[in-house]
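The values are calculated or read from the model by the stated rules, or taken from the named source; none is laboratory data. Here the structure is a predicted model, which is why all the values come from computation and not from measurement. All Cβ positions, glycine included, derive from the backbone under ideal geometry; neighbour counts span all protein chains shown.
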């Protein structure tokens, strides 16, 4: 069973994990959104003038 | 060989005249060094320990801030292309520019460094080592800074960009130089630190012409 | 490796790879978290050792990303591969983010252990300097308007940075020995207690997979972006 | 010292950033010929000149320099046989005209600074600072290096733009003398390319 009782260190362990997951999540989101956006633009380009 | 000597003469006069030459750089060193004692509420005496670190910080910043115009002017007036069409490879031109700039700014700064350190409270006995370390480290700062000046060519706010890209690269000479002067001040063995400092400056002497020329070509293309 | 330098072949090759990488990163991250919170408490550090499971991978990937950036800069500069610059560019932001996370988690670990938010430990200081290298690289890219020129200048700085990293690392370690303070964060050295290995290795793999996913997705985005921008410019030129 | 006898451009293509300026350019410059380089703004005239001077790496195609015997000349050595005169004159504003001219002559390998001063009548300007000169006067000082340091290949980017009618005439004479002596010249220009053997048109 995972031990979620950090005791007196809770104020350090949870922020460490929390900030890490938030930043990684933001990185992933940013990358995926940009990827989808430019993929769609590129595909639109291919339909107009197939290379 | 008259072409190279002409270039050396041109660069030295350019560096010397450009904005008051050494006066500007030494002026900055003095300004930077006078601020910490004024900013410290515990009176000047408390900063004796910090005399050397303050001097080294002021020296590093002074070396960088005078480099912004090293290539920028030649790009603006078109003589950078001219320099690339000459008999000497661009690597030699970059090295000559760096050395000319060191003579006009780095060397005077190295002379001012011991005065600045002793006036901040460093032991007078350490002055010769401060001068020596400031000369060697100053050359390292100027060489790596020259690389930064080439990288920042044509960029907006070049001076700030040089500081942000180059300062992290100045950490090794700063550590070795400061250690050498601290050892000398404390009567310790400054040998290893000095050797490492010389090693860094030789490394910069080798790297700067290559990377600097590549950066200039990047800006010309 | 050389075959992939051609954008079309790279895009085709990585198309199936990207979803796999994202899936692997997600699974490994969940598994790693599970291990991290089922590992026993460290007899000395108690639960704070769980911060190590996010600190060490972040520091490692921060350095790994800069290696990727530096090597890509080498290929961009020496072999002028079209993709190499996109690869260097795509590695910068994730690398900086990992390094920043290493600093944040490092100080969150230092506070309960040593009572101060910042510890001048050789490794932590080097991570901080690595973060400055990233800032310098990104500042250079942002400061030059002409994209093609910014790319070439950034390639020089990326390579110079890579060459200087071991020297900076050496000088900081040397500086640290001068002050004889034993390195405070010993946890990721050989002295790791066996019980933590599964959690640490899984988290390391998770961060590694995540970086690869971010990096390759970033390169693909850059390839698409350049094609669209070039097409628009061509259309404008014809107008 | 006419080392470069011909410049061969085959399937040359140049891109600025990701935008390609032109592709598949095949052209040849011969000794004794001055060619006018024409084309709309942004067609890539300046980029082509800078590519021949070795500052811009072509996106595709090659540039080959050959000497009279047809043997290829390495780009690095060819660079020291080229004059590139761009829109900027390459003169430091704070320097004296005499010093800049002396440096140009020495650096680009000539010695005939006096001939250049006399040919472009720069005598009254020698003691002035470059900053105080008019655009036309600065261009004459820049043209002086073509006379002071003879080099086989001239790449001139709208050289006559800041000059008045009289000095455009002198420029035309300089080009004619250069080609008569076996030199080559590629001159980007918008004016009617009178007196120039051929025209190379860059189309989008």
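Of everything in the range D:97-142 that is in contact with a strand residue (DSSP E or B) (Cβ under 9 Å, 6 or more places away or on another chain) and under 26 Å from residue D:165 (Cα atoms), the residue that is surrounded by the fewest Cβ atoms within 10 Å (Cβ to Cβ) is D:127. Of the candidates B:92, B:113, B:122, B:149, the single residue that is assigned to a helix (DSSP H, G or I), over 29 Å from residue D:145 (Cβ atoms) and in contact with a helix residue (DSSP H, G or I) (Cβ under 8 Å, 6 or more places away or on another chain) is B:113. Taken together, B:12, B:8 contain a single residue that is surrounded by fewer than 16 Cβ atoms within 10 Å (Cβ to Cβ), within 14 Å of chain D (Cβ to nearest Cβ), touching a helix residue (DSSP H, G or I) at 6+ places or on another chain (Cβ under 6 Å) and farther than 15 Å from residue B:120 by Cβ, which is B:8. Considering C:136, C:158, the condition of being surrounded by 21 or more Cβ atoms within 10 Å (Cβ to Cβ), more than 10 Å from chain B (Cβ to nearest Cβ) and either over 21 Å from the mean Cα position of the chain (by Cα) or in a helix (DSSP H, G or I) (or both) is satisfied by C:158 alone. Residues of the range D:55-79 that are within 17 Å of residue D:20 (Cβ to Cβ), surrounded by 12 or more Cβ atoms within 10 Å (Cβ to Cβ) and out of contact with any helix residue (DSSP H, G or I) (no Cβ under 9 Å at 6 or more places or on another chain): D:59, D:60, D:61. For the residues D:49, D:91, D:29, D:37, the requirement of being crowded, with 22+ Cβ neighbours inside 10 Å, more than 9 Å from chain B (Cβ to nearest Cβ) and outside any strand (DSSP E or B) singles out D:49.
Going residue by residue through the range C:109-125, is there one that turns out to be surrounded by fewer than 22 Cβ atoms within 10 Å (Cβ to Cβ), within 12 Å of chain A (Cβ to nearest Cβ), more than 16 Å from residue C:204 (Cα to Cα) and touching a strand residue (DSSP E or B) at 6+ places or on another chain (Cβ under 9 Å)? Scanning the range C:109-125 turns up at least one residue that is surrounded by fewer than 22 Cβ atoms within 10 Å (Cβ to Cβ), within 12 Å of chain A (Cβ to nearest Cβ), more than 16 Å from residue C:204 (Cα to Cα) and touching a strand residue (DSSP E or B) at 6+ places or on another chain (Cβ under 9 Å).
Counting just the residues of the range B:25-41 that are within 16 Å of the chain's Cα centre (by Cα) and free of Cβ contacts under 8 Å to residues at least 60 places away in the same chain, which one comes out surrounded by the fewest Cβ atoms within 10 Å (Cβ to Cβ)? Ranking the qualifying residues of the range B:25-41, first place goes to B:27.
The sole residue among B:183, B:220 that is over 17 Å from the mean Cα position of the chain (by Cα), at pLDDT below 95, within 11 Å of chain C (Cβ to nearest Cβ) and more than 21 Å from residue B:83 (Cβ to Cβ) is B:183.
Looking only at the range A:2-50, residues that are more than 23 Å from residue C:210 (Cβ to Cβ), facing chain C (nearest Cβ under 7 Å) and outside any helix (DSSP H, G or I) come to 3 in all.
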